[in-house]
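Please treat every number below as a calculation from the coordinates, not as lab data. None of the values given here were measured: they were computed from a predicted structure. Cβ: placed from backbone, ideal geometry, glycine included. Neighbour counts: every protein chain shown.
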Amino acid sequence: MSGVRVLAGTRKGAFVLTSDGKRDRWEVSGPHFGGWEIYHMKGSPADPDRLYASQSSGWSGQVIQRSDDGGSTWAPVGNQFAYQGTPGTHQWYDGTPHPWEFARVWHLEPSLDDPDAVYAGVEDAGLFRSDDGGQSWQELPKLRGHESGPSWQPGAGGMCLHTILLDPSAPGRMFAAISAAGAFRSDDAGQNWRPINRGLQSEGIPDPDAEVGHCVHRLAMHPARPGVLFMQKHWDVMRSDNGGESWREISGNLPSDFGFPIDVHSHEPDTIYVVPITSDAEHFPPEGKLRVYRSRTGGDDWEALTTGLPQENCYVNVLRDAMAVDSMDSCGVYFGTTGGQIYASADSGDSWAPIVRDLPAVLSVEVQTLP
Amino acid sequence: MIRVVLPAHLRTLACIDGEVHLDIDGPVTQRTVLDALEARYPMLRGTIRGHDGGPRRAFIRFFASELDLSHAPPDDLLPNAVAAGTEPYLVVGAMAGG
């Protein structure tokens with residue numbers, strides 16, 4: 001393996017960082033699309049030079065950009081995200097019905113085997129798919145159309161579909177997560193969906209163990225063991241050993257079980273990472289110490305990873321899509337902060353260093369391990 | 001010839017350097033100008049108004065001849081100075097910060 005490419009989406013543009021396998025010197029390219037919010041960028045597993053980026057602004061809405069040369073050049077593709085049929089309503093913050101309105105694309109998930117196929121998770125929560133490289137988008141309407149849809153409410157950041165996981169071992173099985181509706185599973189390539197939230201407990205909703213209404217912040221899966229899912233919920237870190245049929249809490253000895261991202265080591269399916277955040281009101285690390293927590297036991301037992309991370313006066317946040325791993329022999333772990341730093345570890349989290357430190361607030365981080 | 005000035009972020013998106021010059025047959029209205037603009041630069045569809053000629057995006061404004069035309073009916077004729085090409089039609093990003 002010859003190198004690593006980090007795709008960073010920020011509040012004011014996109015950045016592409018590249019390094020060789022040592023991962024100690026980085027070249028930074030950007031900003032691409034300066035001034036625009038880049039919620040997410042991701043490369044195709046089938047063609048690493050095919051990248052997709054979600055570009056948006058309050059003035060001019062949504063644009064989707066595509067690169068066919070690894071991020072050197074980009075071209076806008078289709079940006080029409082039309083809900084299928086009459087969209088109906090969900091609940092607004094005050095509990096009144098509110099029409100479904102497209103706001104932006106939060107997450108792009110390219111197909112595992114076709115560079116021209118890509119899913120988009122959007123706000124207001126919906127799932128779209130393109131089969132022509134992003135030129136046109138069709139909704140997979142049964143998710144938004146689930147019978148519980150009219151009861152869904154937005155989280156503070158909007159009612160977003162932010163996580164899409166594709167099961168490499170079972171074609172057609174995919175997972176999605178919505179704030180604040182919960183986790184959902186499809187076994188037929190997104191044609192039909194059902195909630196998978198049994199075992200979640202959320203004190204902020206009227207029925208703490210309701211079928212839907214949970215503010216799931218992020219799901220993670222190891223591709224070699226796709227039946228095991230990990231979840232960072234608003235509060236609580238959770239695990240499922242049966243494809244989401246049921247969940248159990250694995251927060252264990254974390255200093256706070258509030259947070260946003262969660263990810264899995266590329267070679268060790270039971271090694272997982274979270275970044276504890278103080279609380280839903282205080283979106284910064286406990287005690288002003290930026291600590292990644294790692295469990296090597298699939299949860300419950302956690303160790304703080306601090307070497308190279310600021311351990312005083314640090315009050316940044318790490319957003320849900322802003323952590324990723326590479327698949328080099330020594331697994332690299334990466335995360336971006338709202339303070340504009342991207343930290344990387346080339347040794348599974350044992351030590352960290354900023355690979356760039358003064359970007360706009362980082363919204364997303366993805367990593368490609370290049371052949 | 002109709003002169004159109006776009007905000008910087010849309011000029012960058014469409015790889016436009018300076019003003020856009022459009023030739024329009026028939027009445028010169030906001031709709032016909034934007035239709036011609038989007039026909040030449042398809043990547044601008046959805047960024048100024050809704051797709052297929054939909055409503056103006058909330059934080060986009062249309063000015064011409066020192067008038068705010070943002071709320072004018074899209075099929076009203078634009079000022080003669082715009083139709084004659086002596087003054088530009090301005091597509092403006094509202095002062096909304098961010």
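With only Cα atoms counted, the range A:265-334 has Rg and Dmax values of 12.7, 39 Å. From the residues A:GLY13, A:GLN153, B:MET1, which one has its Cα farthest along the dipole of the protein assembly as shown in the positive direction, the dipole being from +1 and -1 charges on Cβ of Lys/Arg and Asp/Glu about the Cα centre? The Cα lying farthest towards the positive end belongs to B:MET1. Inverting the pair-averaged 1/r between distinct Cα atoms of the range A:295-371 gives 13.1 Å as its Kirkwood hydrodynamic radius. Computed about the Cα centre, the dipole magnitude for the range B:1-78 is approximately 320 debye when only Lys and Arg (+1) and Asp and Glu (-1) carry charge, each at its Cβ.
Using equal-weight Cα scatterers in the Debye expression, the normalised intensity of the range B:2-93 in log10 at q = 0.10, 0.25 Å⁻¹ is -0.21, -1.61. More than 27 Å apart: what percent of Cα pairs in chain A qualify? That fraction is 42 percent. Computed over neighbours whose Cβ is under 9 Å from that of A:GLY71, the net charge equals -1, Lys and Arg +1, Asp and Glu -1.
Both radii were evaluated on the Cα set of the range A:8-141; the Rg over Rh quotient, with Rh as the Kirkwood radius, amounts to 1.03.
Extension gain for the segment A:SER136 to A:ARG225, taken as residue separation times 0.36 nm less the Cα-Cα distance, is 28.8 nm to one decimal.
Summing +1 for each Lys or Arg and -1 for each Asp or Glu among the other residues whose beta-carbon sits under 9 angstrom from that of A:ARG296 gives -3. GNM remark for chain A: springs join alpha carbons under 10 Å apart, and the peak mean-square fluctuation among A:ARG248, A:ARG320, A:ARG104 falls on A:ARG248. Among A:PHE81, B:PHE59, A:PHE335, a tally of other beta-carbon atoms within 10 Å of each Cβ gives an order, fewest to most, of B:PHE59, A:PHE81, A:PHE335. Give me the aspartates and glutamates in straight-line cross-link reach of A:LYS142: C-alpha distance below 15 Å, same-chain residues under 8 apart excluded. Within the straight-line limit of under 15 Å, A:LYS142 reaches these aspartates and glutamates: A:ASP124, A:ASP187, A:ASP188. The helix-based estimate of mean residue ellipticity at 222 nm for the protein assembly as shown, built from -39,500 (n - 2.57) per DSSP H run of four or more residues and divided by its residue count, is -1500 deg cm²/dmol to the nearest 500. Counting 0.36 nm for each residue step from A:ARG248 to A:ASP350 and taking away their Cα separation leaves a gain of 34.0 nm.
Neighbours of B:LEU22, meaning other residues whose beta-carbon lies under 11 angstrom from its beta-carbon, give a summed charge of -3 when Lys and Arg score +1 and Asp and Glu score -1. Sorted fewest first by neighbouring Cβ atoms within 10 angstrom, A:LYS233, A:LYS22, A:LYS289 come out as A:LYS22, A:LYS289, A:LYS233. Each residue in A:TYR315, A:TYR52 was given a count of other beta-carbon atoms within 10 angstrom of its own, and listing them fewest first yields A:TYR315, A:TYR52. So if R0 is 22 Å, what FRET efficiency would A:ASP49 and B:THR12 give, r being the distance between their Cβ atoms, rounded to the nearest 0.05? FRET efficiency, A:ASP49 to B:THR12: 0.45. Note on A:ALA156 and A:GLU203: the model spin-label points, each 7 Å out from Cα along the C-beta direction, lie 1.6 nm apart. Summarising the overall dimensions of the range A:178-243 from its C-alpha atoms, the Rg and Dmax are 11.8, 37 angstrom.
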